[in-house]
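Inspection log for the structure reproduced underneath, given as structure tokens.
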Ligand code: 5RP
């Protein structure tokens, strides 16, 4: 099974096992979340009533294409579930997200969900976090100062670019991608980063993941609660 097949398998499994008629679902961003949205579109065609709250403008567009009625996050008290991908996830279910630049909305939506489900192909599972550069969303004003302050934590930093210009998130902010040699204490790093003036949010998702749907060494689906 190649990586794309794994993404399809975990995404579709999440939708089939966890999305129930009448639910409002937090819709993730990225190539794995795509398969959740696609499957939900099929479920709607088959007669299910489902609504979604999107984690990005790209997901808004995709969800509309698949016939999922979108709801404003401010109009729901809580989401039944949210299903999203991850850039890496460790044995304690701590995840790094934000490779697609949507970490802030993803975190708000994951926090609002009664159950937060991560769908991850086998390549995303790691012993300890730090292989994938940690995305940190910063406000544009004084971003170089903020980047310098982040670098003092012992990482290499890179401002995310797109089409030769600074990458701008759906919230109008920039992203600093931070390469740490390894992340030994994710909780502490999360706190320290968010205490830096100018940092809006970072891509560490700690004690948030309720269910991990991934693929094991035998190419079989694995569901960890
Ligand atoms: C977007 C994310 C994605 O969930 C993460 O980048 C994984 O993406 P993919 O499923 O395409 O590998 O956090 O901000």
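Can you say whether residue 220 is at pLDDT below 95 and more than 16 Å from residue 88 (Cα to Cα), as far as the supplied structure shows? Against the criterion (at pLDDT below 95 and more than 16 Å from residue 88 (Cα to Cα)), residue 220 qualifies. Among all positions in the range 165-182, there is at least one residue which is under 27 Å from residue 81 (Cβ atoms), in contact with a helix residue (DSSP H, G or I) (Cβ under 9 Å, 6 or more places away or on another chain) and in a strand (DSSP E or B).
Which numbered condition in (1) under 15 Å from residue 132 (Cα atoms); (2) assigned to a strand (DSSP E or B) is the only one that residue 201 fails? Here residue 201 clears every test but (1).
In this structure, is residue 103 at pLDDT 95 or above and touching a helix residue (DSSP H, G or I) at 6+ places or on another chain (Cβ under 8 Å)? Answer is no for this residue. May I ask you to list the residues in the range 72-87 that are more than 9 Å from the ligand (Cβ to nearest atom) and under 26 Å from residue 174 (Cα atoms)? Result: 72, 73, 74, 82, 83. Checking the stated criteria, residue 103 turns out not to satisfy the condition of being more than 14 Å from the ligand (Cβ to nearest atom), in contact with a strand residue (DSSP E or B) (Cβ under 8 Å, 6 or more places away or on another chain) and more than 21 Å from residue 40 (Cα to Cα). With the structure loaded, tell me whether residue 95 is touching a strand residue (DSSP E or B) at 6+ places or on another chain (Cβ under 9 Å), at pLDDT below 95 and either under 25 Å from residue 16 (Cβ atoms) or within 12 Å of the ligand (Cβ to nearest atom) (or both) or whether it fails that test. Against the criterion (touching a strand residue (DSSP E or B) at 6+ places or on another chain (Cβ under 9 Å), at pLDDT below 95 and either under 25 Å from residue 16 (Cβ atoms) or within 12 Å of the ligand (Cβ to nearest atom) (or both)), residue 95 does not qualify.
The values are calculated or read from the model by the stated rules, or taken from the named source; none is laboratory data. All values derive from a computational prediction rather than experimental measurement. No Cβ is skipped: glycine too gets one built from the backbone with ideal geometry, and neighbour counts run over all protein chains shown.
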